[in-house]
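Peer 1: Got a structure for you, questions after.
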Amino acid sequence: MGVRENLSHVIEQVTKAAKKAGRDSGSVKLVAVTKNVSVDIMREALAAGINAFGENRVQELVAKQPQLPVDVEWHLIGHLQTNKVKYVIGKVHLIHSLDSWRLAREISRRAQERGLTVEVLVQVNISGEETKYGLPPGEVRSFIAEVAGLPGIRVRGLMTIAPLVPDPEQVRPVFREMYQMASWLKQELPELPLDFLSMGMSNDFTVAVEEGANIIRVGSAIFGPRPNLRRDNHGEKIGG
Ligand SMILES: *Cc1c(COP(=O)(O)O)cnc(C)c1O
């Protein structure tokens, strides 16, 4: 199947899941994850209606960006090393993977140099898997409150990567907990624009939408299976 057919199938499933949850499917943003996907195929996705791409490596994002239309939204979804921050400032719509104070400070510093404000999501390691990046749930509130004091960086919500399981129903509790946490944070920190909850990938996006995701990051369901070159395709650390 081609990108266009896959995409319409994904959109159909999102619509169904949103409806089931009593939500408007227009409230769910689809980020097409294009790691290891060629620029030609990405152009097909644009022609089919995609307007946001997610990359997990800075180098790949920066290499592809000049080859595609300027009105495309770029989302950095993978772990961001502090020394790579300078390459993405001003180039990405949203960084989904803020996971340390050091990274927050560097984003703030580089954004200020450029006179910009960078929008970020805080990555939460809700399932407690040792191999995943992200803050433990118990640290998220104080972390966000502290980052709010930095200039040039604005926290817009939360992101998580659920464990890869054979049956997506198994991760429903993870998504539910994330939604509850996001709602609680909005109450706790009402002055902050914590609007976004990025969760759900090819394997589990319908469940994520049912549980309140408003950004989903879908790769292989649109572009077909990737050659599994590196374990960090799913944002995992190599070797823990
Ligand atoms: C690769 C990746 C995705 C998309 O994965 P698929 O299973 O191909 O949909 C989503 N989020 C992150 C952080 C990723 O690295």
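Peer 1: Report, by chain and number, residues whose modeled amide H sits under 5 Å from the one on Arg154, excluding near sequence neighbours (fewer than 5 apart, same chain).
Peer 2: It is Val118, Glu119, Val120, by chain and number.
Peer 1: How large is ³J(HN,Hα) for each residue in the stretch 18-27, as worked out from phi by the Karplus curve 6.51 cos²θ - 1.76 cosθ + 1.60 (θ = phi - 60°), to whole Hz, x for Gly and Pro?
Peer 2: So the J values, rounded to whole Hz, are 5, 4, 4, 8, x, 10, 7, 5, x, 7.
Peer 1: Related question: Could you tell me the center-to-center distance, by alpha carbons, between the stretch 97-134 and the stretch 5-80 in angstrom?
Peer 2: Taking the Cα centre of the stretch 5-80 as reference, the centre of the stretch 97-134 is 21 Å away.
Peer 1: Can I ask one more? Treat every Asp and Glu Cβ in the chain as -1 and every Lys and Arg Cβ as +1, leave all other atoms uncharged, and give the resulting dipole magnitude about the Cα centre to the nearest 20 debye.
Peer 2: Here the size comes out at about 520 debye.
Peer 1: Quick one: order Met201, Met159, Met178 by neighbouring beta-carbon count within 10 Å, fewest to most.
Peer 2: Exposure proxy ranking, most exposed first: Met201, Met178, Met159.
Peer 1: Between His93 and Glu129, what length in nm is gained on full extension when 0.36 nm per residue of separation is reduced by their alpha carbon distance?
Peer 2: Value of the extension gain: 10.2 nm.
Peer 1: Roughly how many nanometres apart are two label points built 7 Å out from the Cα toward the Cβ at Thr82 and Arg4?
Peer 2: Going from the Thr82 label point to the Arg4 one covers 4.9 nm.
Peer 1: Here is a follow-up. Under the classification rounded if a/c is under 1.5, otherwise prolate if a/b is larger than b/c and oblate if not, where does the stretch 3-223 fall, given a ≥ b ≥ c as square roots of the Cα gyration tensor eigenvalues?
Peer 2: oblate
Peer 1: Connecting C-alpha atoms closer than 10 Å in a GNM of the chain, tell me which of Leu76, Leu98, Leu164 has the biggest fluctuation.
Peer 2: Of the options given, Leu164 has the highest mean-square fluctuation.
Peer 1: Can you tell me what share of the DSSP beta bridges in the chain is antiparallel? A percent to the nearest 5 is fine.
Peer 2: Around 5 percent of the beta bridges assigned by DSSP in the chain are antiparallel ones.
Peer 1: Assuming 0.36 nm per residue, please report the length gained on full extension of the stretch Ser27 to Arg105 beyond their Cα-Cα distance.
Peer 2: Length gained between Ser27 and Arg105: 25.0 nm.
Peer 1: Taking 0.36 nm per intervening residue step and subtracting the Cα-Cα distance, what contour gain separates Val39 from Leu68 on full extension?
Peer 2: Stretched out fully, the Val39 to Leu68 stretch lengthens by 9.7 nm.
Coordinate-derived values only; no laboratory data. All values reported here derive from a predicted model rather than from experimental measurement. In this analysis, Cβ positions are derived from the backbone assuming ideal geometry, glycine residues included, and neighbour counts consider all displayed protein chains.
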